[in-house]
1. Quick one: which of 363, 442, 426 is of a type in the set (A, V, I, L, M), touching a Ser or Thr at 6+ places or on another chain (Cβ under 8 Å) and in contact (Cβ under 8 Å) with a residue 40 or more places away in the chain?
2. Can you go through 203, 249 and tell me which one is more than 30 Å from residue 336 (Cβ to Cβ) and not assigned by TED's automatic domain parsing to the domain that holds residue 330?
3. Which of (1) within 30 Å of residue 256 (Cα to Cα); (2) out of contact with any His (no Cβ under 8 Å at 6 or more places or on another chain); (3) not in a helix (DSSP H, G or I); (4) not aromatic (Phe, Trp, Tyr) does residue 118 not meet, given it meets every other one?
4. How many of the residues in region 6-17 are surrounded by 15 or more Cβ atoms within 10 Å (Cβ to Cβ), of a type outside the set (Phe, Trp, Tyr) and assigned to a strand (DSSP E or B)?
5. Residue 167 fails exactly one of the following numbered conditions: (1) surrounded by 14 or more Cβ atoms within 10 Å (Cβ to Cβ); (2) not assigned by TED's automatic domain parsing to the domain that holds residue 233. What is the number of that condition?
6. Collect the residues in region 98-115 that are in contact (Cβ under 8 Å) with a residue 12 or more places away in the chain and either part of a loop (DSSP other than H, G, I, E, B) or touching an Asp or Glu at 6+ places or on another chain (Cβ under 8 Å) (or both), keeping them in residue-number order.
7. Give me a count of the residues in region 121-144 that are out of contact with any helix residue (DSSP H, G or I) (no Cβ under 8 Å at 6 or more places or on another chain) and either of a type outside the set (Asp, Glu) or assigned to a strand (DSSP E or B) (or both).
Amino acid sequence: MQVTETLAEGLKREYRVVVPVAELDAKVNERLTELKDRVRINGFRPGKVPVAHLKRVYGRAAMREVIEETVREANSSIVSDHGFKLAMDPQVQMQESAGSISDVVIGKADLAYSVKIEILPKFELADFKDVQIERPIAEVTDEEVAKAIDKIAKDNVSYAEKGEGAKAENGDKVTISFTGTIDGQPFEGGKAEDVGVVLGSGTFIPGFEDQLIGIAPGESRLVRAAFPDHYHPATLAGKEAEFDVTAKTVQVAGTVHLDDDFAKSLGIESFDKLRELARDRLTREHTAATRLKVKRALLDALEGRHQFELPPTLVEQEFSNVWRTLLADLESQRKTFSDEGTTEEAARAEYHKIAERRVRLGLVIAEIGERNAIKVTDDEISRAIVSRSQQFPGQEQQVWDYYRKNPTAIASVRAPIYEEKVVDFLLELVKVTDKTVAVEELFKEED
């Protein structure tokens, strides 16, 4: 076998591989010799079939198997001999001359092909001990707890009939039936019966609820309102519609007393316990927000300390994924790049940088994990799959089977676990300083 390097440019390598026909033929004969003890051919005793006869019967099939195996072994040898780590699967191009592949299969020509590979870069890891990160911490205040409980109370308020002659006001709940038309034609989803709407809640499209102020039980009205420009489904976006609305009932919100009885109505033993549970939930939210900020700062530090050439194919694959998601979001919202204050060209440049950041950080995290023997156990993966399956009540077994039979899905479970373990490892090395911040700053969105 002869291997010749034809390109060494950045992280790209190309090789031309030539395997003499005699070498292929020897492998075929070896394979057929092993086969003769297993096949049964009329006219020959078991194990006594001549190799020449086997070659006439099975030669081409055996040669195809030998070619596939030889290409696989040759490519593997190129990678191992040079100590490469691949960024993508090798791209094989067989010799192009007409009839040459057929000649190889029938044993009349050498096997010749070119293989393109893209390798992962080699880089030195930075010293993380000089990395300093601020950990923003915001204590849960009594005011936050009170707001959380007020929201729970609002979501669980009971309504009572206003009585005869009552008319709807903001905050009242009106049960309505309606039929909608656009340009005089009914549309899908434009008809409903006995729908409850709290006036002023913004549940319906803009302008709809306002026109129900003052309506009485049994009264009908013609309501005119336009669907928002970015409404879903897109077929209704921006369209003017008319609704024939009839009010069935008008109810007023009752008064919620924040006491033990209210807590018990929610299945909680006491109001103090409700307040404790609300504080616990808010504490978890604060902890998650703090973790997110710290992780972002750590990843920023990692990226700033590691600059190296990136595998072009990995970057393009990542960019394609990000860009496809962006375009789908814009389409679903019926938005354009100008609506977002940018152009397609500027957005491409911005998201290409995001793709480069993701690839770079992925390579750095993988290198840190490999050098420090960080592993994701089967038990950790199983627990994560169980957690995901529980999000689909009644379909747990199907979800479990899907992940267990799909290596790509398993990889999607393993990757975030691995990343979090590497982040935890690094946070033990870097200097982290706590900083008390306001709640608004803790939850402020990053660019």
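The values are calculated or read from the model by the stated rules, or taken from the named source; none is laboratory data. The shown structure was predicted, so the numbers you read here are calculated from the model rather than taken from an experiment. Heads up, the Cβs are rebuilt from the backbone with ideal geometry, glycines too, and the neighbour counts pull from every protein chain shown.
1. Answer to the check: 442.
2. Details: 203 fails: more than 30 Å from residue 336 (Cβ to Cβ).
Testing whether each residue is more than 30 Å from residue 336 (Cβ to Cβ) and not assigned by TED's automatic domain parsing to the domain that holds residue 330 leaves just 249.
3. (1)
4. Matching residues across region 6-17 total 5.
5. So residue 167 meets the others, but not (2).
6. 104, 106, 107, 108, 109, 110, 114, 115
7. Here the count works out to 3.
Residue-by-condition table, conditions (1) of a type in the set (S, T, N, Q); (2) closer than 28 Å to residue 133 by Cβ:
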| residue | (1), (2) |
| --- | --- |
| 367 | no, yes |
| 372 | yes, yes |
| 384 | no, yes |
| 391 | yes, no |
| 395 | yes, no |
| 417 | no, yes |
| 431 | no, yes |
| 434 | no, yes |
| 445 | no, yes |
